[in-house]
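Asker: Input: one structure, supplied below.
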Number of protein chains: 2
Amino acid sequence: MDKSFYINRRQALLDRMKGEKGIILFLGNNESPAQYRDNCYKWRQDSSWLYFFGIDEPGFAATIDLESSEQTIYADDAGVDDIIWSGPVPTVKERALETGIGKTAPADALADALKGRRVHFLPTGRYDNAVRLSQLLGYGVEDFFSEGKKGCPKASLPLVKAVIELRLVKSPEEIILMDKACDLGYRMHTIARKGISLGRVEQEIVGDMEGLALGEGWGVSFPTILTQHGEIFHFHEHGHPIEPGKLLVIDAGVENNEHYASDFTRTYPTSGKFSGRQRDIYQIVYECNELAFNLTKPGVSYRDVHLAVSSLMLDRLGALGLVCGDTASMVEDGIAGLFMPHGLGHNIGLDVHDMEDLGEDLVGYDQDQKRSSLPGLGSLRMARKLKAGNVISDEPGIYFIPALIGQWKEKGIGKGCINYGKLSEYYGFGGIRLEDDVLVTEDGARRLGSRRLPIEATEVEEAMAEDSLQAKEQK
Amino acid sequence: MDKSFYINRRQALLDRMKGEKGIILFLGNNESPAQYRDNCYKWRQDSSWLYFFGIDEPGFAATIDLESSEQTIYADDAGVDDIIWSGPVPTVKERALETGIGKTAPADALADALKGRRVHFLPTGRYDNAVRLSQLLGYGVEDFFSEGKKGCPKASLPLVKAVIELRLVKSPEEIILMDKACDLGYRMHTIARKGISLGRVEQEIVGDMEGLALGEGWGVSFPTILTQHGEIFHFHEHGHPIEPGKLLVIDAGVENNEHYASDFTRTYPTSGKFSGRQRDIYQIVYECNELAFNLTKPGVSYRDVHLAVSSLMLDRLGALGLVCGDTASMVEDGIAGLFMPHGLGHNIGLDVHDMEDLGEDLVGYDQDQKRSSLPGLGSLRMARKLKAGNVISDEPGIYFIPALIGQWKEKGIGKGCINYGKLSEYYGFGGIRLEDDVLVTEDGARRLGSRRLPIEATEVEEAMAEDSLQAKEQK
């Protein structure tokens with residue numbers, strides 16, 4: 001990306017930090033060893049660093065002096081021995097100029113530059129940088145992580161808020177890259193769908209998907225969920241063969257080489273055709289996904305969209321006899337949370353849950369909003385009043401989770417309105433989730449990517465029939 | 001693996017620790033966040049933990065009391081909320097029984113169990129466990145990493161040595177798993193070779209390879225090296241299209257689902273045929289690889305094998321007019337290090353550089369051996385006298401590294417015996433490396449995996465011709 005983008009972003013940050021004293025510290029990531037120190041996980045730069053500086057190499061740091069406006073890049077040049085092992089690399093000076101900064105200093109000059117100053121820093125999600133912050137600023141290592149939803153009390157709230165404001169609204173050049181990530185995500189999901197065949201081990205499909213993600217992008221944007229147990233949200237085992245009559249949930253995204261994420265979910269009938277019961281539930285989730293998209297526009301809060309989806313979902317589940325009673329009061333009581341214990345969506349950008357290292361509530365809630373304690377709504381990651389340039393996921397789901405149903409029943413929750421008898425027929429059903437990535441535009445919304453993955457039930461069955469026809473022809 | 005294996009390994013460890021007082025602490029790994037705390041790198045358990053306990057889940061620890069022989073597993077059971085998100089999982093008790101241990105305790109009981117005891121622990125390569133050790137035992141986070149080749153002064157030397165002794169000699173059940181890893185590695189390299197075609201971007205081939213590694217195994221055992229700049233050892237960019245007339249070095253391995261590694265290197269002529277000069281150098285590297293294999297047997301030190309390879313290499317380079325003079329004295333002066341700045345090989349097992357987190361010298365050198373300071377030999381990771389059950393890489397290489405040649409020339413190193421004039425003709429040549437994985441047997445050696453990747457020059461050209469024929473037929 002042209003250096004002017006980075007210069008402008010840093011200037012916008014300075015404008016938002018006007019009136020603050022001290023110095024801003026940004027840390028790029030270090031390598032993260034998986035086993036011994038020379039065998040590292042795939043290199044991933046920090047997302048806020050990528051946004052403001054772009055330099056995609058380990059071992060960098062930067063300061064922006066709020067009083068003098070001076071910007072400095074800290075890193076060490078490669079020595080002769082490094083050059084033998086790593087080849088000729090640009091100097092720190094050259095890399096700094098690429099991001100529009102003229103002043104550089106060696107890495108160990110950073111500690112002195114911070115001494116005696118009010119240091120504004122961001123929390124981190126990674127151990128390597130938590131250790132580095134601890135060494136630079138004191139406090140314990142754990143003090144530099146965001147504590148769940150609340151953020152990190154030691155970090156600079158003005159800085160965190162300013163970074164969130166900027167990164168929440170995607171610029172035209174970012175939207176081009178997000179469309180690109182979604183196009184690659186489309187292809188990855190298409191490979192996955194074509195790979196579904198009875199008896200095949202789930203892991204093989206995951207390999208096909210990640211091969212494409214790595215071959216044309218950075219890799220997957222989060223560990224792929226591909227499971228015939230859609231009712232278990234964090235299920236990362238892929239050792240099971242595809243069985244007939246099941247629902248296969250595939251929730252997966254790619255990160256492109258520019259590090260923007262996509263995140264789609266589709267749910268497929270493993271045999272190629274939905275059963276009657278599967279189709280009934282699928283249809284509800286599909287309608288919820290469509291409703292959310294249709295309601296998405298500037299000025300509407302995503303909290304209200306979540307609630308509208310909850311209301312439609314309960315209406316339709318009522319028609320199936322699974323709940324009964326007044327929909328509005330069921331929504332108010334959080335009854336939808338039994339079927340959809342997660343929120344309707346989250347922000348997406350350089351992180352697939354964008355900026356979650358900065359604190360989930362700070363990213364996803366406006367100052368006048370409070371996180372609910374209701375089931376489902378309480379798990380909503382993005383509740384804000386929408387603005388043009390926001391990129392969010394639209395991912396309703398319905399699940400039948402025996403452990404959760406059992407817990408509610410035992411506690412007597414929703415005794416009058418939940419038909420527990422009927423619900424027990426759905427044990428073993430699994431779950432359904434349908435997710436698109438949505439850009440809020442000036443007057444509404446647009447799904448990212450040039451094509452939408454098949455989603456309507458009949459359209460999905462037709463695509464799967466076409467897939468198996470093609471597979472036969474290739475044999 | 002059956003629990004008796006783990007019980008026996010822990011008993012063997014206790015036998016080796018006889019006479020020591022105190023308590024042994026083993027930490028399994030925690031999750032390692034890549035971005036925010038919920039978006040983690042692919043889960044990888046600690047290798048020594050896998051060896052002694054096998055439990056392939058985050059958040060576990062164990063103690064073995066050297067005085068009472070009592071063994072305890074520390075971890076927390078999933079709560080009701082966890083079960084909703086992660087499904088029903090075995091209890092800590094159940095997992096402990098699978099590894100043959102009856103006593104369990106909650107995670108936070110560990111600190112008390114260590115209080116006032118002499119704690120024997122292993123160093124770690126990962127930040128997550130360095131932080132955990134720092135919280136449990138005091139000292140700074142950096143104190144728990146091995147310092148380069150020297151190991152970690154704060155860790156328990158008797159424990160480190162005992163673990164190395166055990167893990168260095170692979171048992172029959174481990175060899176079955178390593179053969180399996182090598183068979184998958186063979187297939188991954190075959191896909192890579194078939195994927196070479198002019199104009200194709202390197203990253204696409206890497207994607208094909210890693211797709212297979214993830215589809216049928218845990219993934220790659222280290223970041224894939226696939227480069228037309230073989231002379232740059234740590235080159236992890238894959239953005240270049242395949243150009244005619246180049247040498248493509250592919251150094252890559254898989255880790256199978258049981259976490260054993262393979263590590264093969266082949267070097268291919270991008271156009272399918274070696275040029276005369278390429279073939280001359282290739283032939284030397286091939287002969288060195290064969291010689292090393294033929295010398296490998298119990299009782300021989302791998303240091304001596306490295307030196308024999310250096311000698312053959314200099315002989316053959318002499319025949320090409322690149323060096324001249326007495327081979328023995330050139331070997332003694334480390335002249336081979338200009339062409340092969342790395343060592344002949346390393347140990348392989350649950351880590352691709354096995355146990356390097358425990359300290360490179362402790363793993364690779366016998367007590368009566370000292371690491372050389374000569375170029376090349378000084379980088380040898382495995383110098384030990386070989387024992388049946390050792391698994392080592394056999395990976396000679398020849399590179400023409402302009403920066404290194406320039407450095408030596410400037411310093412006047414090897415003035416009388418290196419033909420710098422002739423060498424300058426090889427700038428731009430790149431490099432060649434050929435690597436197999438070798439098991440030391442009772443009376444010699446065996447290459448792991450049921451088939452060996454094509455390696456002799458003509459055999460490689462024939463395989464590539466066959467590949468392109470097949471590719472044409474498929475079109």
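The values are calculated or read from the model by the stated rules, or taken from the named source; none is laboratory data. Computed from a predicted model, the values in this text were never measured in an experiment. Here Cβ is always computed from backbone atoms with ideal geometry, including for glycine, and neighbour counts include all displayed protein chains. What goes into the accessible areas is simple: the full protein's heavy atoms, side chains included, and nothing from ligands, DNA or RNA. Shrake-Rupley method; radii C 1.70, N 1.55, O 1.52, S 1.80 Å.
Asker: When each copy gets a label point 7 Å from Cα toward the beta-carbon at A:Gly416, what are the spacings between them in nm, shortest first?
Answerer: Result for A:Gly416, in nm, nearest copy first: 10.3.
Asker: Another one. If you plug each phi of region A:417-432 into the Karplus form 6.51 cos²θ - 1.76 cosθ + 1.60 with θ = phi - 60°, what whole-Hz ³J(HN,Hα) values come out, in order, with x for Gly and Pro?
Answerer: Working through the residues one at a time gives 10, 9, 8, 4, x, 4, 4, 5, 5, 9, 4, x, 5, x, x, 9 Hz.
Asker: In addition: Chains B and A: what accessible area do they bury, summed, in square angstrom to the nearest 100, with a 1.4 Å probe? Don't skip to the end; give the middle numbers.
Answerer: Working: alone 20940 and 20980 Å², together 36770 Å².
Summing both chains' loss of accessible area gives about 5100 Å².
Asker: Inside 10 Å of the C-beta atoms of B:236-245, what's the mean count of C-beta atoms belonging to other chains?
Answerer: Working: counts 4, 1, 2, 1, 0, 0, 0, 0, 0, 0.
The per-residue average across the peptide is 1.
Asker: Over chain A, what portion of Cα pair distances is larger than 40 Å, expressed as a whole percent? Write out the running numbers ahead of the final one.
Answerer: On the way: 29143 of 112575 pairs.
In whole percent, the share of Cα-Cα pairs in chain A beyond 40 Å is 26.
Asker: Then there is this: Treating cross-link reach as a plain straight distance, find the lysines whose alpha-carbon is under 25 Å from the alpha-carbon of B:Lys409, omitting any fewer than eight places away in the same chain.
Answerer: B:Lys422
Asker: Continuing with the same structure: Counting only residues 5 or more places away or on other chains, whose amide H sits under 5 Å from the amide H of B:Ser301 once H atoms are built in the peptide plane?
Answerer: Residues meeting the criterion, in which the H sits 1.01 Å from N, are B:Leu386.
Asker: Another question, then. Could you give, in nm with one decimal, how far A:Ile191 is from each other copy of that position, shortest first, with labels 7 Å out from Cα toward Cβ?
Answerer: 0.9
Asker: I need the phi-derived Karplus couplings for region A:62-79: 6.51 cos²θ - 1.76 cosθ + 1.60, θ = phi - 60°, integer Hz, Gly and Pro marked x.
Answerer: Karplus-based 3J(HN,Hα) across region A:62-79 equals 8, 10, 10, 7, 6, 8, 9, 6, 5, 10, 9, 9, 10, 5, 9, 5, 5, x Hz.
Asker: Apply the Karplus curve 6.51 cos²θ - 1.76 cosθ + 1.60, θ = phi - 60°, to the phi angles in region B:24-33 and return the couplings in whole Hz, x for Gly and Pro.
Answerer: Coupling constants for region B:24-33: 8, 10, 10, 10, x, 6, 9, 5, 10, x Hz.
Asker: Within region A:343-411, report the trypsin sites (Lys or Arg not before Pro) that DSSP leaves as loop and that have at most 14 other Cβ atoms within 10 Å. Intermediate values should be presented prior to the final figure.
Answerer: Working: sites: A:Lys370, A:Arg371, A:Arg381, A:Arg384, A:Lys385, A:Lys387, A:Lys409, A:Lys411; in loops: A:Lys370, A:Arg371, A:Arg381, A:Arg384, A:Lys387.
Those satisfying the criteria are A:Lys370, A:Lys387.
Asker: Can you give me the % of accessible surface on chain B that is carbon or sulfur? Probe 1.4 Å, all protein chains present, nothing else counted.
Answerer: Numbers: 9200 of 18370 Å².
Solvent-exposed carbon and sulfur of chain B make up 50 percent of the total.
Asker: A further question on this structure: If you add up the charges near B:Trp85, with Lys and Arg at +1 and Asp and Glu at -1, over every other residue whose beta carbon is less than 12 angstrom from its beta carbon, what do you get? Let's see the in-between values first.
Answerer: Numbers: positive: none; negative: A:Glu231, B:Asp38, B:Asp81, B:Asp82.
Summing Lys/Arg as +1 and Asp/Glu as -1 gives -4.
Asker: Something else now. Shortest first, in nm, what separates the label point of A:Asp108 from those of the same position in the other copies (7 Å along Cα→Cβ)?
Answerer: Those label-point separations list as 4.1 nm.
Asker: Also: Please return the longest range in chain A lying between exposed loop sites, taking chymotrypsin sites (Phe, Trp or Tyr not before Pro), DSSP loop only, at most 16 other beta-carbon atoms within 10 Å, and leaving the sites out.
Answerer: Working: sites that count: A:Trp43, A:Tyr139, A:Tyr427.
Between exposed loop sites, the widest span is A:140-426.
Asker: Looking at region B:62-119, which GluC sites (Glu not before Pro) are DSSP coil and have at most 12 other C-beta atoms within 10 Å of their C-beta? Before the final figure, lay out the partial values.
Answerer: On the way: sites: B:Glu67, B:Glu70, B:Glu94, B:Glu98; in loops: B:Glu67, B:Glu70.
Sparse-neighbourhood loop GluC sites (Glu not before Pro): B:Glu67.
Asker: When chain B is turned about an axis onto chain A, which of its residues keeps its C-beta closest to that axis, and how many Å is it?
Answerer: Whole-Å result, nearest residue of chain B to the axis: B:Gly211, 1.
Asker: Straight distance only, please: which aspartates and glutamates reach the Cα of B:Lys385 with their own Cα at less than 12 Å, same-chain residues fewer than 8 apart left out?
Answerer: Correct list for B:Lys385: B:Asp304, B:Asp366, B:Asp368.
Asker: Starting from the alpha-carbon convex hull of region A:264-365, give the projected area averaged over all orientations, in nm².
Answerer: Numbers: hull surface 32.9 nm².
Answer in nm², one decimal: 8.2.
Asker: Follow-up question, since we're still on this one. Could you sort out which of B:Lys3/B:Lys150; A:Lys3/A:Lys180; B:Lys21/B:Lys149; A:Lys18/A:Lys180; A:Lys42/B:Lys387 sit more than 30 Å apart by Cα distance in this structure? Don't skip to the answer; put the middle values down first.
Answerer: Details: B:Lys3/B:Lys150 34 Å; A:Lys3/A:Lys180 21 Å; B:Lys21/B:Lys149 27 Å; A:Lys18/A:Lys180 35 Å; A:Lys42/B:Lys387 34 Å.
Exceeds cut-off: B:Lys3/B:Lys150; A:Lys18/A:Lys180; A:Lys42/B:Lys387.
Asker: At 222 nm, what value in deg cm²/dmol follows for the protein assembly as shown if DSSP H runs of at least 4 each add -39500 (n - 2.57) and the sum is divided by all its residues, to the nearest 500?
Answerer: On the way: 34 runs with 370 residues, N = 950.
Estimated from H runs of four or more residues: -12000 deg cm²/dmol.
Asker: Now, a different point. Net charge near A:Gly199: determine it from the other residues with C-beta under 14 Å of the C-beta of A:Gly199, scoring Lys and Arg +1 and Asp and Glu -1.
Answerer: Numbers: positive: A:Arg200, A:Lys246; negative: A:Glu202, A:Glu204, A:Glu243.
Net local charge, A:Gly199 excluded: -1.
Asker: For region B:418-473, which GluC sites (Glu not before Pro) pass both filters: DSSP loop (anything but H, G, I, E, B) and at most 11 other C-beta atoms within 10 Å? All intermediate terms of the calculation are to be shown ahead of the outcome.
Answerer: Values: sites: B:Glu425, B:Glu435, B:Glu442, B:Glu456, B:Glu459, B:Glu461, B:Glu462, B:Glu466, B:Glu473; in loops: B:Glu442, B:Glu456.
Listed in order of number, the matching sites are B:Glu442.
Asker: Next question, about the same structure. For region A:139-295, rounded, prolate or oblate, judged on the Cα gyration tensor with a ≥ b ≥ c (square roots of eigenvalues), a/c < 1.5 rounded, else prolate if a/b > b/c?
Answerer: Numbers: a/c = 1.78, a/b = 1.76, b/c = 1.01.
Prolate is the answer for region A:139-295, as a/c is 1.5 or above and a/b outweighs b/c.
Asker: A further question follows. Once a ≥ b ≥ c are taken as the square roots of the eigenvalues of the Cα gyration tensor of region B:321-421, is the result rounded (a/c under 1.5), prolate (a/b larger than b/c) or oblate (a/b not larger than b/c)? Walk me through the intermediate numbers first.
Answerer: Numbers: a/c = 2.44, a/b = 2.14, b/c = 1.14.
Prolate, since a/c reaches 1.5 and a/b exceeds b/c.
Asker: Taking amide H atoms as placed 1.01 Å from N in the peptide plane, list the residues 5 or more away in sequence, or in a different chain, whose amide H sits under 5 Å from that of A:Leu248.
Answerer: Here the answer is A:Tyr268, A:Thr270, since their amide H atoms fall under 5 Å of that of A:Leu248.
Asker: How big is the shadow of the Cα convex hull of region A:400-461, averaged over all directions, in nm²? The partial results should precede the final answer.
Answerer: Values: hull surface 29.8 nm².
Dividing the Cα hull surface by four gives the mean projection, 7.5 nm².
Asker: Then there's this: Non-local amide H neighbours of B:Gly28 (under 5 Å, H modeled in plane, Pro and chain starts lacking H): which ones?
Answerer: Those lying under 5 Å, H to H, from B:Gly28 are B:Phe60, B:Ala61, B:Ala62.
Asker: Let me know the mean shielding of B:84-90 by other chains, meaning the per-residue number of their Cβ atoms within 10 Å of its Cβ. Please list the in-between numbers first.
Answerer: Details: counts 11, 9, 5, 11, 3, 1, 0.
Mean number of neighbouring Cβ atoms from other chains: 6.
Asker: With N set to the number of residues, divide the alpha-carbon radius of gyration of the protein assembly as shown by 2.2 N^0.38 Å and report two decimals. Kindly include the intermediate steps, with their values, before the conclusion.
Answerer: Details: Rg = 29.2 Å, N = 950, 2.2 N^0.38 = 29.8 Å.
Cα-based Rg divided by the globular estimate yields 0.98.
Asker: How crowded by other chains is A:133-140, given as the mean number of beta carbons from other chains within 10 Å of each beta carbon?
Answerer: Values: counts 0, 4, 3, 0, 0, 0, 0, 3.
Per residue, the number of nearby Cβ atoms from other chains is 1 on average.
Asker: Shifting gears a bit: Compute the FRET efficiency between A:Asp81 and A:Glu410 as 1/(1 + (r/R0)^6), taking r as their Cβ-Cβ distance and R0 = 60 Å, and round to the nearest 0.05. Mind showing how you got there, number by number?
Answerer: Details: r = 65 Å, r/R0 = 1.09.
About 0.40, to the nearest 0.05.
Asker: Next up: Taking the inverse of the average 1/r across all pairs of different Cα atoms in region A:8-166, what Kirkwood radius in Å do you get?
Answerer: Details: mean 1/r = 0.0608 Å⁻¹.
One decimal place: 16.5 Å for the Kirkwood radius.
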